[in-house]
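J.: Structure provided below as C-alpha cells; questions to follow.
Laboratory data are not the source of any read-out in this text; all were calculated from the coordinates shown. None of these values were measured; they are calculated from a predicted model. Heads up, the Cβs are rebuilt from the backbone with ideal geometry, glycines too, and the neighbour counts pull from every protein chain shown.
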Amino acid sequence: MPGESGAARVPRVAVTGLGLVTGLGLELESSWRGLLEGRNATARFRAFDPTGLACTFGVELPPEVEALFAAHIKPRQRAQMTRGTMLACATAQQAAQHARLEERLGDRARVGVVLGATGTGYAPRDGALDEHRILRNMASASAAWVSLKGKFQGPSCVVSTACSSGAYALHAAQLLLTTGQCDVVLAGAADSAISYLDVQGFCSLMALCEDVPDPALASRPFDLHRSGFVIGEGGGVLVLETREHARRTGARVLAELSLPGLCCEGYNIISPEPGGLSMARAMRLALENAGLQPADIGYLNAHGTSTQLNDLYETQAIRAVFGEHAARLPVSSTKSMTGHCLSAAAGVEAVISVMALVEGWLPPTRNLAEPDPALGLDFIPGRARRVAPEELRHVMSNSFAFGGQNGVCIFSRCP
Amino acid sequence: MNPVEPKTLGEIRDLVLDYFADECDIDRGTISDETDIIRDLEGDSLMLLALLEMFRKKYGLTVELKSLGKHLMKRPARTVGQVVSLTAELVRHGNDILSVEL
C-alpha cells in the first residue's frame, strides 16, 4: 500500500465514523469544541466524597450523562452494566450513527467489535448481594453489549493493556479487516474508574497530581511544575472499514489508519523505561507500518500524562525518532483538558487525532505556563492552531501504559 | 387438580405484563402474548427468576429452581404468553410440575 515514503506491509483501513464522550462534552462536536477552546473540566469529585484522599479532583463527565445513558439503554440493562460499559455503548452508538452504519450495513456477521478496557470499573464498597455482579464485572462486557445492541455478529472482544488498550484494540481491528474476517469493525475504548477505591489506588502509586490549590491548573503536561496526572473518564470509538467496503457502500471516509506500532518495554510494571527507548521503538514501528518517514508526520498527540517521567522520556523518544523534524513538529497533550482517561485514553486520543486531520486544527496543551526547559518541543501552548492541509497529511497518537505496553497509531488524510 | 381460576389467570397476566413493561422500559400496550422476551424486549432469562420470586411471595409457591429449570428444558418460555402459561401451571401444580404431562 503506497505511503509517501515507502511501502506499508499491511493495507490501511478507512475511518468512517467517530464517537467521543469526554468531560468536555457528551458527543463529538462539544468535546472537540471544548478541546479547541482549551477549556477546563477538572473539578472536585462529585461521584463520591473524596474527603480523606490525597487527591480530591478529576475530570468527570457532565451530569447529563445519566440522561444520555437512559436514552440509549433500558433500565434493566443499565442495572447489568457499570458506568464504563454504558459509556462504551453510548460512544459506540454515536460512532455508528456518525458512520451511517444502519443505512449501509449488509451482513452483520461481517461486523466486529474490539474495545480496550482494563476492567469494567466494577467497584462495590461493601459486601452486599449484587444479583448482576458477574455481568457487571465481566471484563468482556463492553464489547459484548456493543455487539448485542448493534446486533453485530462478527468477532467481538475486549483487549486489555492498561492505558494503551485502545491502540491495541485498533491494531486487532485492523488485522480483522485486512485478513478478510470483517468488513467493518467498531474499535476504540471506554473507561470510568472514578471511584473512591480507584482514586485511592492511584494515590498509593503516587501517580496523581495532589498538590495544587486550583484543580483547573492540575493537569499541566510538559510544564516545569507538573506533578502527576489528573484522572478522567471517557470513551472514544472509531468505525473502521476495509477501503473496498467503504467505497462500495458510499461511506464518507474521514481518514485512513495504518497498522499501529506495538511493543512492550519489558522494564517495569510502573516506571517507564529511562530514555524512552521503547517509546521510540513503538513510534518507529508505527512509521514503518505506515510506510512513512518521520518528516511526514504533521502533528503528534502525545501520551503527555503530566507526570515527571512520562513527559521527560516521551520527549526524549520524540527527539530520537524525529531528529531535526522534532523542532518543527507540533505536539500537544489533550490530557491537559480531558484528564487521563486510563484505558480509554488511546481511543479518545485516536478520535481527537482524526478530528485534527479532518478539521485542520491542532488542539493545544492547556496549563503550559512555564514549559520545562529540559523538554523544549513545540507543545502548542494554550491556543489551538490552524494548519494548512498540505502540512497535515499524517498524524501520530502515542499511548504508553503501566506494564510498558506501548501503542502508537498513525492516521492519514485520504488520498 | 383444578385449573387456575380465570380471575387468578388475569391477575398473573397483569403482573407479568407490568413486570416486562417496567423492566424493559416499554409501553405495556405494545406487549402481546407473542412478544419474544429476548428478541423483542431485549430481556434476559434471569427475568424469569425475578418473576418466580415475585409469584413465590404472592401465591406462597414452594417451587424449587431446579424443578423449574428442568421444566424449562422441556418447555421453554420464550414469549410473554408462554411465561403467563408457565406461571399459571406453577400456581396450579407447584413443585409437582415435572410430573405433570402438560
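J.: Once you wrap a convex hull around the alpha carbon atoms of segment B:6-95, what is its projected area averaged over all directions, in nm²?
T.: Directional mean of the projected Cα hull area for segment B:6-95 stands at 5.4 nm².
J.: I would also like to ask the following. How big is the charge dipole of segment A:256-412 about its Cα centre, in debye rounded to the nearest 20, if each Lys and Arg gets +1 on its Cβ and each Asp and Glu gets -1 on its Cβ?
T.: Roughly 180 debye for segment A:256-412.
J.: From the residues A:Trp145, A:Gly119, A:Cys163, which one has its Cα farthest along the dipole of segment A:103-164 in the positive direction, the dipole being from +1 and -1 charges on Cβ of Lys/Arg and Asp/Glu about the Cα centre?
T.: Selected residue: A:Trp145.
J.: Also, quick follow-up: Among A:Asn301, A:Ala320, A:Ile410, whose Cα sits farthest toward the positive end of the charge dipole of segment A:256-412 (+1 at Cβ of Lys/Arg, -1 at Cβ of Asp/Glu, about the Cα centre)?
T.: Going by the charge dipole, the pick is A:Asn301.
J.: For a quick check: sort A:Arg9, A:Arg39, A:Arg319 by the number of other beta carbons within 10 angstrom, fewest at the front.
T.: So the ranking, lowest neighbour count to highest, is A:Arg9, A:Arg39, A:Arg319.
J.: Return the FRET efficiency for the residue pair B:Arg78, A:Glu64: r is the Cβ-Cβ distance, R0 is 60 Å, and the value is rounded to the nearest 0.05.
T.: Once the sixth-power term is evaluated, E becomes 0.95.
J.: So, one more: Per residue, how big is the convex hull around the C-alpha atoms of the protein assembly as shown? Give it to me in cubic angstrom, could you?
T.: 154 Å³
J.: Under a point-charge model restricted to the Cβ atoms of Lys and Arg (+1) and Asp and Glu (-1), what is the dipole moment magnitude of the protein assembly as shown relative to its Cα centre, in debye to the nearest 20?
T.: About 740 debye.
J.: Let me ask you something else. Taking only Cα atoms and a 10 Å spring cutoff, compute GNM fluctuations for chain A and point out the largest among A:Glu244, A:Glu314, A:Glu256.
T.: A:Glu244
J.: Also, I was wondering about something else. Please tell me which of these pairs span more than 26 angstrom C-alpha to C-alpha: B:Lys7/B:Lys57; A:Lys149/B:Lys58; B:Lys7/B:Lys74?
T.: From B:Lys7/B:Lys57; A:Lys149/B:Lys58; B:Lys7/B:Lys74, over 26 Å: A:Lys149/B:Lys58; B:Lys7/B:Lys74.
J.: Now for a separate question. Say we join alpha carbon atoms closer than 10 Å with springs in a Gaussian network model of chain A; which of A:Leu329, A:Leu205, A:Leu28 then has the biggest fluctuation?
T.: Checking each option, the largest mean-square fluctuation is seen for A:Leu205.
J.: Each label point is 7 Å from the Cα along the Cα-to-Cβ direction; what then is the distance between the points at A:Glu359 and B:Glu53, in nm?
T.: 4.7 nm
J.: Before rounding to the nearest 500, sum -39500 (n - 2.57) across all DSSP H runs of length at least 4 in the protein assembly as shown and divide by the residue total; then give [θ] at 222 nm in deg cm²/dmol.
T.: -11000 deg cm²/dmol
J.: Please quote Rg/Rh for segment A:13-254 to two decimal places, taking the Kirkwood radius as Rh and restricting both calculations to Cα atoms.
T.: 0.99
J.: Looking at chain A as a GNM with Cα springs under 10 Å, which of A:Ala90, A:Ala344, A:Ala246 has the largest mean-square fluctuation?
T.: Comparing A:Ala90, A:Ala344, A:Ala246 in the GNM, the peak value goes to A:Ala246.
J.: Charges only on Cβ, +1 for Lys and Arg, -1 for Asp and Glu: so what's the dipole of chain B about the Cα centre, in debye to the nearest 20?
T.: 520 debye
J.: Name the residue farthest towards the positive end of the dipole of the protein assembly as shown from the options A:Val395, A:Val59, A:Ser219, assuming +1 on Cβ of Lys and Arg, -1 on Cβ of Asp and Glu, about the Cα centre.
T.: Positive-end residue among those listed: A:Val395.
J.: Please identify the helices of chain A, taking whole runs of DSSP H, that span at least 15 Å along their own axis as judged from the Cα atoms and have a mean Kyte-Doolittle score of 0.5 or higher.
T.: TM-like helix candidates: A:165-178, A:345-359.
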